[in-house]
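S.K.: Just dropping this structure here.
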């Protein structure tokens, strides 16, 4: 039987956890290392499966990749390969982030159309439109995106219809080596994206406006390798905060950055959580049953879509009724049917979910459809009566290093069962 997580509910989580580097940052940093020949070292790297997938992708492009316990060094050749094969790209949507660096450095790139989580449409039109403005010719053939810029890239004024993180990343990593100046309006502002921008600046890029809706990039002829410490993972931090609130627990989260989670922490405070700052993170306590909270997901600095499964799980056992509105990924509600199997009272209408809280859920077998849905189901299992089995738990391991083991250290009755399959 494939590996799954077995959760016996009813335990109040108590203790300390440490948050490592952000998945949504480190994968993009690794791809951006392609912009400069030589050895770049990235530290505070989470021990997750996706780092392994990206390492293999870069290795196939000719890089020498060495992983240690919490760091990765990438030695990029002067003439890396330019084709990212489907067998890896299908496992890792962040593979599309090699498109910008490769076409900027080599004038050509072939990247298989990516796979990733089943959370709805995440079209690449914004990526392509922005790169085409820089002079890239793009077409698809046999399941590959083929980008060509034989005459190099030229700066342009680009306006994004939506502040897509992935599109902003690919445009930025191409524009840093373009001739002239590029402006990106309605750019992404997520802390993970800012981390990428600071990484590029340390490589010699000239970027203004990080963290604001408008970026200005002055192209430079070349970049150099760098050493960089990855920002801590705000989604993992938020997950632990919701875990404390749902189980009426008390968790100190080392490495958690409250400034990156202002709205989620405000919502948790509205639910009754007691949130305090510590020397190197935050502490979240909950003494009573949570109060229901209405949430609408939005690009940063709004409530992050990656924490939407956690807020729905919290509302499922909260006192009162709540509406959760999903404005980013229409497929995020796929996991709701699994929560209903645990006894949650949820009805979905379009991009709204109406939740009526119950005092306790009831354990049952459920299936994780993506990273965040899997984590949300584990949290629901912690507040369920009896045993919950979360199948396809490999999804969780793609975003949460040693999740089951950290839960055990907090007092949860969580075990891995079955055999681990190669993914």
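Values in this text are rule-based calculations from the coordinates and carry no lab data. If you're wondering where the values come from, they're calculated on a predicted model, not measured in any experiment. Quick reminder, even Gly has a Cβ in these numbers, built from the backbone with ideal geometry, and neighbours come from all protein chains shown.
S.K.: Provide the FRET efficiency to the nearest 0.05 for the residue 296-residue 79 pair, computing r from the beta carbons and using R0 = 56 Å. Each step should come with its number before you reach the end.
M.R.: Values: r = 48 Å, r/R0 = 0.85.
Approximately 0.75, to the nearest 0.05.
S.K.: Please compute the contact order of the stretch 353-423 in relative form: average sequence separation of alpha-carbon pairs under 8 Å and at least six residues apart, divided by the residue count, as a percent. Let's see the in-between values first.
M.R.: Numbers: 74 pairs, mean separation 20.3, N = 71.
Once normalised by length, the contact order is 29 percent.
S.K.: What is the chain's relative contact order, in percent, from Cα pairs under 8 angstrom and six or more apart in sequence? Before the final figure, lay out each step's value.
M.R.: On the way: 1065 pairs, mean separation 89.6, N = 423.
21 percent.
S.K.: How much of the calculated P(r) for the stretch 331-417 lies past 22 Å, in percent of all Cα pairs?
M.R.: On the way: 893 of 3741 pairs.
It works out to 24 percent of all Cα pairs.
S.K.: Still on this structure, please answer the following. Want the number for residue 385 to residue 347: 0.36 nm per residue separation, take away the alpha-carbon distance, what's left? Intermediate results must be reported in sequence, preceding the final value.
M.R.: Working: separation 38, 0.36 × 38 = 13.68 nm, distance 2.20 nm.
11.5 nm is the gain from fully extending residue 385 to residue 347.
S.K.: Want the number for residue 181 to residue 289: 0.36 nm per residue separation, take away the alpha-carbon distance, what's left?
M.R.: Working: separation 108, 0.36 × 108 = 38.88 nm, distance 5.38 nm.
The span from residue 181 to residue 289 would gain 33.5 nm if fully extended.
S.K.: Given N residues in the chain, what is its alpha carbon radius of gyration divided by 2.2 N^0.38 Å? Could the numbers behind the result be given before it?
M.R.: Working: Rg = 21.4 Å, N = 423, 2.2 N^0.38 = 21.9 Å.
After normalising by residue count via 2.2 N^0.38 Å, the value is 0.98.
S.K.: Restricting to the chain, compute how many DSSP beta bridges are antiparallel as a %, nearest 5. Spell out each step's value before the answer.
M.R.: Numbers: 58 of 82 bridges.
Given both bridge residues lie in the chain, the antiparallel proportion sits at roughly 70 percent.
S.K.: Once you sort the root eigenvalues of the Cα gyration tensor of the stretch 24-229 as a ≥ b ≥ c, which label holds: rounded (a/c under 1.5), prolate (a/b larger than b/c) or oblate (the other case)? Don't skip to the answer; put the middle values down first.
M.R.: Values: a/c = 1.29, a/b = 1.15, b/c = 1.12.
It comes out rounded by the Cα gyration axes.
S.K.: Relative contact order for the stretch 24-229: what percent, with Cα pairs under 8 Å and sequence separation of 6 or more?
M.R.: Details: 461 pairs, mean separation 42.2, N = 206.
Answer for the stretch 24-229 is 20 percent.
S.K.: What is the extension gain from residue 43 to residue 142, computed as 0.36 nm multiplied by their sequence separation minus the C-alpha to C-alpha distance, in nm to one decimal?
M.R.: 32.0 nm is the gain from fully extending residue 43 to residue 142.
S.K.: Looking only at the stretch 397-418, which residues have a backbone nitrogen under 20 Å from a spot 7 Å from the Cα of residue 69 in the C-beta direction?
M.R.: 400-410
S.K.: Rounded to the nearest 500, what is the chain's calculated 222 nm mean residue ellipticity when only DSSP H runs of at least 4 contribute -39500 (n - 2.57) each, over all residues? Display every interim value, and only then the final one.
M.R.: Numbers: 14 runs with 127 residues, N = 423.
It lands at -8500 deg cm²/dmol.
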